[in-house]
Amino acid sequence: MSEAESELVQSITTPLRLEYQYTAGVASTRFLRGMADGKILGQRCPQCEKVYVPPRGSCARCGVATDLEVQVPGTGTITTFCVVRIPSDSLDIDPPFVAAHILLDGADIPFFALIQECHFDEVRMGMRVEAVWVDAEDLGPTFESIRYFRPIDEPDAPFESYKEHL
Amino acid sequence: MRDVAIVSTAQMTNVRREQRRNEVEMLMPVVQEAVKRSGIPKGDIGFTCSGSCDYLAGQPFAFVSALDAIGAWPPISESHVEMDGAWALYEAWVKIQTGQADSALVYSFGKSSMGDVPDVLNLQLDPYYLSPLGIDSISLAALQARAFLEKTQYTERDLAKVAVRSRKSAKDNPNAQLAGDFDLEKLLAEPYLVSPLRVHDCAPISDGAVAVVLAADDTARNACERPAWITGIDHRIEPHQPGVRDLSESPSTALAGAKAGVASGGIEVAELYAPFTHQELILRDALGLDASTSINPSGGALAANAIMVAGLTRIAEVANRIQWGSIGRGLAHATSGPCLQQNLVCVLEAK
Ligand SMILES: [Zn+2]
């Protein structure tokens, strides 16, 4: 590097801060209020009848409002999973741990959640799991009202039952 | 060139702040209404293009989740511009001209209320020399207004007249947010917001959404009795740095207007996207519009200014008037960037 080049300004710092007032939306508000009551609320598409959990207010396939509310239980099936070995500042948990796609019973869209109360080696596709909620006084309008999912003593779900949700 | 027309439009009623619905929930009924009015089955629409800005929501790729409102299955041919929906319409028009589609859905949405609009718009400026100074959109517009008033015969009274007329016209627009009868003298007695601009000189902050359906040739003729044919459309841009421009005039609007063929016939209605009163006067002069043209009968951006939506709304407002049979030829204008940096002009006609 020549002397002239070494004198080039390499970077500047321009601090920036913007604040937003986020609107969760009608469907997400229903879901989050359900979380505060210890309930998992989804919505069914009137056209294709798929049940979205959490609901977003629309069916992404059909482009119509999903205005039929359905409550689904806290039990479901692991469709796919990964073992995380990288620590994360945003998670109060030590690696290795398991993040899984869980298809709740009665839902058509899997979502991500943590699997606990078992060794990561035991987690497998088709494993049956249930939601573990925070204590009743700690329930709030947040997905964190569910701490994690844990295995339940049931035979694995057959592959055919979740293969179209992978 | 293929004949391309707007065959249907739909708008959300603009509000200061949509408290309940998120963008997808705002957009869905608007898109459904426009598609339904077009009579073209959704699956037959050849191309979908949207305009929005992720900085408004503060979420990267917010425009991708907006597709949940469309129903992109089976997979659709789709594109997006990080601009006002008027430019999405331009892209759709080009797509139809190339023969790759015979019809298109164009939509835009803007939830301007989520952030601080003047600060968000600061981020469209040069990031090295201008944005760090913290100059906001209203201050920049005030610089332009000052340059305009100093260089021309116009006065602050002329600016206030634009505000009074716009908000009076908006009384007839069910989708307007700010409408009513305002007293000129009272407005002029108000203090400056950023001199020489007062609050009435500035557009309101609005949440809104708009959708239009375009179709070519016989697809358009079959879809609607009086299609609003796009007989000219062009957009031009000026330098990014406001300091190198003469802010008192708009050469890019004049050029886009000339290329779009504005002067080849009378203009009964002009819908101009002027979020500040003085900008309407600059645009009128750039387009050579006189008293024979009705300016912003919808109330324009001074009555509702959902960012990324208000430009496409201007096009929809002119198209509506042609479809209703109330006019035969009109022009719509959209702007982007600080102080009318980039301008699009679209001429619409009945045939
Ligand atoms: Zn559906």
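The values are calculated or read from the model by the stated rules, or taken from the named source; none is laboratory data. Small disclaimer: the values here were computed from a predicted structure and weren't measured. Virtual Cβ from ideal backbone geometry, glycine too; neighbours counted across all protein chains shown. Side chains are part of the model used for accessible areas, which takes the heavy atoms of the whole protein and leaves out ligands, DNA and RNA. Shrake-Rupley method; radii C 1.70, N 1.55, O 1.52, S 1.80 Å.
Things to note:
- Shape category assigned to region B:212-251 from the gyration tensor of Cα positions, a/c cut at 1.5: prolate
- 1.4 Å probe accessible area per residue over the protein assembly as shown, in Å²: 45
- Value of relative contact order over region B:21-73, rounded to a whole percent, pairs C-alpha under 8 Å and six or more apart: 53
- Order of exposure, largest accessible area first, which applies to B:42, B:36 with probe 1.4 Å: B:36, B:42
- Per-residue accessible area (protein heavy atoms, 1.4 Å probe) orders A:159, A:111, B:61 as B:61, A:159, A:111, starting from the largest.
- When each of the peptides B:122-128, B:174-180, B:71-77 is scored by the mean number of other C-beta atoms lying within 10 Å of its residues, the order from highest to lowest reads B:174-180, B:122-128, B:71-77.
- Inter-chain neighbour count for A:21-29: the average number of beta-carbon atoms from partner chains within 10 Å of each residue's beta-carbon is 6.
- Residues in region B:26-50 that, when all protein chains are in place, have 40 Å² or more less accessible area than the chain alone would give (probe 1.4 Å): B:28
- Net charge, residue B:345 excluded, C-beta distance under 9 Å - Lys, Arg +1, Asp, Glu -1: +1
- Chain B: relative contact order in percent, alpha carbon pairs under 8 Å with at least 6 residues between: 26
- Shape box of region A:26-165 [Cα atoms, principal axes, largest first, Å]: 41, 39, 27
- Per-residue shielding of A:59-71, expressed as the average number of other chain Cβ atoms within 10 Å of the residue Cβ, stands at 4.
- Candidates A:102, A:52, A:32 compared by Cα position along the dipole of region A:26-165: farthest toward the positive end lies A:52, with charges placed on Cβ.
- Over the residues of chain B, the helix contribution to mean residue ellipticity at 222 nm works out to -10000 deg cm²/dmol, using -39500 (n - 2.57) for each DSSP H run of at least 4.
- Per-atom-type breakdown for chain A gives carbon and sulfur 49% of the accessible area (1.4 Å probe, protein chains only).
- Per-residue SASA entry for residue B:63, accessible area with 1.4 Å probe, Å² rounded to 10: 40
- For residue B:291 and residue A:26, the FRET efficiency from 1/(1 + (r/R0)^6), where r spans their Cβ atoms and R0 equals 35 Å, is about 0.15.
- Helix A:26-36 vs. chain A, principal-axis angle (Cα, 0 to 90°, nearest 10): 70
- Inter-label distance, residue B:17 to residue A:119: 5.4 nm, where each label sits 7 Å from its Cα along the C-beta direction.
- Protein-only accessible surface order, largest first, of B:152, B:277, B:13 at 1.4 Å: B:13, B:152, B:277
- Whichever lysines have a C-alpha closer than 26 Å to that of residue B:36, once near sequence neighbours (fewer than 8 apart) are set aside: A:50, B:95, B:111, B:351
- Förster radius 35 Å - calculated FRET efficiency between residue A:91 and residue A:164 (Cβ-Cβ, nearest 0.05): 0.70
- Remark: spin-label model distance residue B:184-residue B:237 equals 4.0 nm, labels positioned 7 Å along the Cα→Cβ axis.
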